[in-house]
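*Asks:* I am attaching a structure below and will ask some questions about it afterwards.
The values are calculated or read from the model by the stated rules, or taken from the named source; none is laboratory data. Quantities reported herein were computed from a predicted structural model and do not represent experimental measurements. Quick reminder, even Gly has a Cβ in these numbers, built from the backbone with ideal geometry, and neighbours come from all protein chains shown. What goes into the accessible areas is simple: the full protein's heavy atoms, side chains included, and nothing from ligands, DNA or RNA. Shrake-Rupley method; radii C 1.70, N 1.55, O 1.52, S 1.80 Å.
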Amino acid sequence: MPLALLALAVSAFGIGTTEFVMMGLLPNVADDLHTSVPTAGYLVSAYAIGVVIGAPLLTALGSRIPRKRMLLLLMALFVVGNLASALAPGFGWLAAGRVLAGLPHGAFFGVGAVVAARLVADGRQARAVATMFLGLTVANIVGVPAATLLGQHLGWRATFLVVTVIGLIAMAALARLVPYMPLDAHQSVGRELRALGRRQVLLGLLTAVFGFAGVFAVYSYLASMTTEAMGFGESSVTLVLALFGIGMTLGALAAGPLTDRALRPTLYASLTALTLVLVLFPFTVHIQWAALATVVVLGAVGFMTTTPLQMLVMQKAKDAPTLASASNHSAFNLANAGGAWLGGVAIAAGWGWTSPALVGAALTVVGLVIAATAGLMDRTTKGASRVIAAGSPRISDQQVSASSPASGS
């Protein structure tokens with residue numbers, strides 16, 4: 001494994017910690033800032049909004065910046081956003097800090113995925129991208145539970161100060177380990193935008209929006225579900241979050257080689273499994289051992305969708321993949337914002353703490369239908385292309401045959 005992948009994974013660890021830790025801190029932030037848990041859930045959406053805005057904007061602005069320098073600039077912005085969150089005097093300022101911290105997220109993973117894929121030989125690109133994403137999953141095993149525990153004992157501000165330090169360490173790793181990569185001669189904003197507008201790229205992004213929203217409909221409120229539905233004490237929140245992270249890691253480890261071998265079948269299988277787990281969740285959540293097992297499986301099948309979706313948009317925009325890759329993270333965070341919001345709406349409507357799981361299942365079904373439709377369209381297009389390609393020589397042969405008698409007469 002190239003050491004540069006380690007630097008990308010460390011950066012992903014910091015980004016994953018700040019993205020997901022808010023779910024574990026929602027009750028603490030709500031209590032400290034004198035608001036409700038569903039209202040505090042908008043802080044999850046605030047980060048996601050930053051990602052949605054920042055991914056295409058910063059990627060376009062940085063299209064002429066060498067990739068290593070771009071990664072360092074994005075991580076510097078990440079550090080500033082987390083420091084602003086730690087020092088925020090109230091809810092509005094914290095929301096603004098979360099937006100600022102989210103701005104570099106999508107662009108970083110978009111550029112990072114392209115860098116990771118180019119560090120390895122053909123046929124191993126999905127595994128390289130999955131290795132970078134392992135930083136996100138390890139964040140959910142170690143970073144998020146530890147940061148949640150820290151926030152519960154020293155206050156949520158201490159959590160964001162620690163994440164700021166992680167960001168500085170990641171910058172040092174990037175500067176030391178990532179090689180310089182010159183820009184492609186043909187790279188331009190216009191070319192990236194044209195690639196982004198391709199039908200299969202847009203359908204891949206739409207699949208991410210709906211398919212992954214099901215994960216966040218539940219995960220955004222997992223801390224509250226742990227105490228309100230599963231019957232555990234507050235001290236068990238870190239354990240439940242760590243189990244979710246273990247599931248994510250297992251899913252990421254499986255997704256890389258499976259995606260390299262069969263991209264679309266891996267995507268279909270993971271979305272189908274995610275739907276089934278979300279439907280079962282309201283039934284298993286009241287049996288503690290079954291609830292914990294379901295959390296692990298939810299993390300695994302949920303995160304198995306990320307690598308095939310990432311590779312899909314990169315393949316379909318192969319001659320200009322950076323903006324499409326970054327926009328995929330905008331799609332994931334639209335899913336984050338939408339899932340958190342709809343899950344909060346279900347809770348606020350009095351449907352119960354497990355209702356977000358059924359909302360999530362409905363969203364994931366929509367994502368699966370979009371993915372299957374895109375696959376069918378892609379197969380039909382390829383089939384038509386093969387027929388035309390196969391038919392061309394026969395047409396040519398007929399033309400030659402028809403011309404022969406004329407030349408001989």
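*Asks:* Filter the stretch 27-72 for residues that are open to solvent by less than 10 Å² (accessible area, probe 1.4 Å) and either more than 28 Å from L205 (Cβ to Cβ) or acidic (D, E) (or both) and give the result.
*Replies:* If the condition is that a residue be open to solvent by less than 10 Å² (accessible area, probe 1.4 Å) and either more than 28 Å from L205 (Cβ to Cβ) or acidic (D, E) (or both), then V29, A30, A40 are the ones that fit.
*Asks:* Restricting to the stretch 273-294, count the residues that are crowded, with 16+ Cβ neighbours inside 10 Å, in a helix (DSSP H, G or I) and touching a residue at least 40 places away in the same chain (Cβ under 8 Å).
*Replies:* We begin by selecting, within the stretch 273-294, every residue crowded, with 16+ Cβ neighbours inside 10 Å; these are 273-275, 277-282, 284-285, 291-292, 294.
Adding the requirement that they be in a helix (DSSP H, G or I) leaves 273-275, 277-282, 284, 291-292, 294.
Those still in the list that are touching a residue at least 40 places away in the same chain (Cβ under 8 Å) too: 274-275, 278-279, 281-282, 291-292.
Going through the stretch 273-294 one residue at a time, the tally reaches 8.
*Asks:* Follow-up question, since we're still on this one. Which of the residues that make up the stretch 303-321 are within 10 Å of the chain's Cα centre (by Cα) and either surrounded by fewer than 24 Cβ atoms within 10 Å (Cβ to Cβ) or not polar (S, T, N, Q) (or both)? Steps first, please.
*Replies:* Of all residues in the stretch 303-321, those within 10 Å of the chain's Cα centre (by Cα) come to 303, 305-307, 309-310.
Selection gives F303, L309.
*Asks:* Could you say whether any residue in the stretch 392-400 is charged (D, E, K, R) and modelled with pLDDT under 75? Reasoning before the result, please.
*Replies:* Start the filter on the stretch 392-400 by keeping residues that are charged (D, E, K, R), which leaves 394, 397.
Filter once more, so that each one left must be modelled with pLDDT under 75: 394, 397.
Checked against the condition, which is being charged (D, E, K, R) and modelled with pLDDT under 75, the stretch 392-400 yields at least one hit.
*Asks:* Given the options V129, V163, V115, name the one that is under 29 Å from T259 (Cβ atoms), open to solvent by less than 10 Å² (accessible area, probe 1.4 Å) and either among the acidic types (D, E) or modelled with pLDDT of 85 or more (or both).
*Replies:* On the way: V129 fails: either among the acidic types (D, E) or modelled with pLDDT of 85 or more (or both); V163 fails: under 29 Å from T259 (Cβ atoms).
None of the other options fit; the residue is V115.
*Asks:* Evaluate the stretch 322-334: report whether one residue or more is over 30 Å from R118 (Cβ atoms), open to solvent by 60 Å² or more (accessible area, probe 1.4 Å) and assigned to a helix (DSSP H, G or I).
*Replies:* So the first thing to find is which residues in the stretch 322-334 are over 30 Å from R118 (Cβ atoms), and the list is none.
Scanning the stretch 322-334, I find no residue that is over 30 Å from R118 (Cβ atoms), open to solvent by 60 Å² or more (accessible area, probe 1.4 Å) and assigned to a helix (DSSP H, G or I), so the answer is no.
*Asks:* Taking the stretch 201-226 as the region of interest, how many residues are more than 15 Å from the chain's Cα centre (by Cα) and open to solvent by less than 30 Å² (accessible area, probe 1.4 Å)? Outline the logic, then answer.
*Replies:* The initial filter retains those residues of the stretch 201-226 that are more than 15 Å from the chain's Cα centre (by Cα), namely 201-203, 218, 221-226.
Imposing the further condition that a residue be open to solvent by less than 30 Å² (accessible area, probe 1.4 Å) reduces the set to 201, 218, 221-226.
Adding up the residues that qualify gives 8.
*Asks:* Exactly one condition in (1) touching a His at 6+ places or on another chain (Cβ under 9 Å); (2) under 30 Å from D122 (Cα atoms); (3) surrounded by fewer than 24 Cβ atoms within 10 Å (Cβ to Cβ) is false for A229; which is it?
*Replies:* For A229, the exception is condition (2).
*Asks:* Has the stretch 285-305 got at least one residue that is within 22 Å of L136 (Cα to Cα), out of contact with any Gly (no Cβ under 7 Å at 6 or more places or on another chain) and modelled with pLDDT under 90?
*Replies:* No, the conditions are met nowhere in the stretch 285-305.
*Asks:* Output the residues belonging to the stretch 151-174 that are of a type in the set (A, V, I, L, M) and under 19 Å from V99 (Cβ atoms).
*Replies:* Taking the stretch 151-174 and keeping what is of a type in the set (A, V, I, L, M), we get 154, 158, 161-163, 165-166, 168-174.
Correct list: L161, V163.
Table: residues versus (1) open to solvent by 20 Å² or more (accessible area, probe 1.4 Å); (2) in contact with a strand residue (DSSP E or B) (Cβ under 9 Å, 6 or more places away or on another chain); (3) modelled with pLDDT of 90 or more.
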| site | (1), (2), (3) |
| --- | --- |
| W156 | no, no, no |
| I169 | yes, no, yes |
| R176 | yes, no, yes |
| H186 | yes, no, no |
